[in-house]
Amino acid sequence: MAGPYAAMLLGDLGADVIKIEPPGTGDQTRGSMGFKMKGADSLGFLNMNRNKRSITLDLKTEAGKEVLLHLAKDAGILIENYRPGAMRRLGLGYEVLKEVNPRLVYTSISGFGQTGPWADRPGFDLMAQAMSGVMSVTGYPDSPPVKCGVPVADIGCALFAIYATLAAYIGVKNTGQGQYIDASLFDSAMAFSVWDICDYWGTGKRPEPLGTSNKMTAPYQAMACSDGYFVMGANNQKLWQQLCTLLGREELLADPRFATIAQRLAHRAELQEALERTFRQHPKDHWVEKLLAHGIPAGPILGYPEAFGSEHGQARGMRMEIDHPVEGKVPNIGFAVKLSGTPQEVRRHPPLLGEHTDEVLEEAGMDAEARARLRNQGAFGTC
């Protein structure tokens, strides 16, 4: 997921992204998910591959390698998402491609990075969450292991890879030299550990899962009310005082267990119980509206259908539809950031497998005769 998502971000920003896929099956996410669309491609694939062109190449053939090396001559960036060493064994590692194009920014994305004792291990988001520490602080105390509900290692790695890739690409304009970027799911997941690892380094106490609570302040969590739960945060002394006054619970201000943030953290369970005695008297909408009216952050706990269907989600354009030659209108997650001068746009539908092979190669200077020769030599598989 990390490589395709990272490349899509570049495409959204205007890059001409050429997706190189194995013949026959293509990107494995084309066949993922447990339901079928009209065509062969999953909705997950269709949400990670807009603004790309697809060509099929069998990189195990000399003809396929010839095509990739030809394309690399004029490329600005190459992103690969194989296990460490795979591209080198194919004869397509950075050492080879930088001789073809010294300006090339070559980004490798893997589970555990290109070096270190775990480098050769296969790794997906689940393994990265488990082995980076993320899973150890997710869920509730004494519960079975719980992974974060969204693929933080995959998406995080895509974001870190792109910021490094774009930094290197800018550097090429100044130095004329590309460079190699080593991005991993493991490192990226660990980079999210700021509060937890700093707490451990500072106190020596092993971080533990806290459910919806926060190790830095309290109250800052989900609270039970008469019809379920909502979230709220009175995470500084001023907001704490405002909260107690608003709830008519001034006695909590005089309680030494709750006098400071440190004390409230030390007595988090008692604090939650005390506040929920009041919160259970009314439904969540009552409390969210009342807290927000007094400047105290609060919100409902929404499912994805409610979040994407909310007035705010719609106003922020977080669901859009893309025209697709097989599926018709395809829902896609909208752009997560908005640029005023150079806004992202959908220029291309998620590509069909090998849809642009001839188009791309013709643009790269390969005439019909050259393409026919390469096809006969197995460069494009059976596509």
Problem set entry | Around ARG277: net Lys/Arg minus Asp/Glu count, Cβ-Cβ under 13 Å | -2
Seminar exercise, completed: The answer for PHE230, listing residues at least 5 apart or on another chain whose modeled amide H is closer than 5 Å to its amide H, is MET223, CYS225
Exercise. To the nearest 10 degrees, how steeply does helix 194-203 sit against the main Cα axis of the chain, on a 0 to 90 scale?
Worked result: 60 degrees
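Out of the DSSP beta bridges found with both residues in the chain, what percent are antiparallel (nearest 5)? Don't jump to the answer; show the numbers that get you there.
Numbers: 15 of 29 bridges.
That works out to approximately 50 percent antiparallel.
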Exercise. What list of ³J(HN,Hα) values in whole Hz, one per residue of region 213-222 in order, does the Karplus curve 6.51 cos²θ - 1.76 cosθ + 1.60 (θ = phi - 60°) give from phi, with Gly and Pro shown as x?
Worked result: 6, 10, 7, 9, 7, 7, x, 7, 5, 7
Problem set entry | Amide hydrogen neighbours beyond the local backbone of ILE181, cut-off 5 Å, H modeled | TYR106, THR107, SER108
Problem set entry | Relative contact order for the chain, counting Cα pairs under 8 Å that sit 6 or more residues apart, in percent | 22 percent
Seminar exercise, completed: The correct ranking of ARG319, ARG50 by accessible area at 1.4 Å, largest first, is ARG319, ARG50
Exercise. Over the alpha carbons of region 141-239, what is the largest minus smallest coordinate on each principal axis, giving the biggest first in Å?
Worked result: 62, 28, 28
Problem set entry | Loop-located GluC sites (Glu not before Pro) in region 306-383 whose Cβ has at most 14 other Cβ within 10 Å (DSSP) | GLU345
For this session: Could you rank LYS65, LYS238 by how accessible they are, 1.4 Å probe, largest area first?
Result: LYS238, LYS65
For this session: Using only the alpha carbons, work out the radius of gyration and Dmax of region 220-302 in angstrom.
Result: 11.8, 35
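Taking the Cα centre as origin and putting +1 on Lys and Arg beta-carbons and -1 on Asp and Glu beta-carbons, what dipole magnitude results for the chain, to the nearest 20 debye?
Its charge dipole is roughly 360 debye.
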For this session: Please get the size of the charge dipole for region 151-249, origin at its Cα centre, with Cβ charges of +1 on Lys and Arg and -1 on Asp and Glu, quoted in debye to the nearest 20.
Result: 380 debye
Exercise. What is the distance, in nm, between label points placed 7 Å from the Cα along the Cα-to-Cβ direction at ALA254 and at PHE35?
Worked result: 5.7 nm
Seminar exercise, completed: Reported to the nearest 10 Å², MET232 has, with a 1.4 Å probe, an accessible area equal to 10 Å²
For this session: Can you tell me how much longer the chain between ARG121 and GLU306 gets when fully stretched, taken as 0.36 nm per residue apart minus their C-alpha distance, in nm with one decimal?
Result: 62.7 nm
Problem set entry | Rounded tilt (10° steps) of 152-175 against the dominant C-alpha axis of the chain | 60 degrees
For this session: Report, in degrees rounded to the nearest 10, the 0 to 90 angle that the Cα long axis of helix 268-279 makes with the longest principal axis of the chain.
Result: 70 degrees
Exercise. Which of the aspartates and glutamates could a cross-linker bridge to LYS215, judged by Cα under 14 Å and excluding same-chain residues fewer than eight apart?
Worked result: ASP196, ASP199
For this session: Specify whether the C-alpha gyration tensor of region 337-383 places it in the rounded, prolate or oblate class, a ≥ b ≥ c being the square roots of the eigenvalues: rounded for a/c under 1.5, otherwise prolate if a/b is larger than b/c and oblate if not.
Result: prolate
Exercise. According to a simple spin-label model (label point 7 Å from Cα along Cα-to-Cβ), what is the distance in nm between HIS286 and ARG373?
Worked result: 8.1 nm
Problem set entry | Rg/Rh for the chain, where both radii come from Cα atoms and Rh is the Kirkwood radius | 1.06
Seminar exercise, completed: Placing +1 on each Lys and Arg Cβ and -1 on each Asp and Glu Cβ in region 120-194, then taking the dipole about the Cα centre, the residue among PRO122, TYR169, SER193 whose Cα reaches farthest towards the positive end is TYR169
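The values are calculated or read from the model by the stated rules, or taken from the named source; none is laboratory data. Quick caveat: nothing in here was measured; it's all calculated off a predicted structure. Note: ideal-geometry Cβ built from the backbone for every residue, glycine included; neighbour counts use all protein chains shown. In case anyone asks, the SASA skips ligands and DNA or RNA and just uses the protein heavy atoms, side chains included. Shrake-Rupley method; radii C 1.70, N 1.55, O 1.52, S 1.80 Å.
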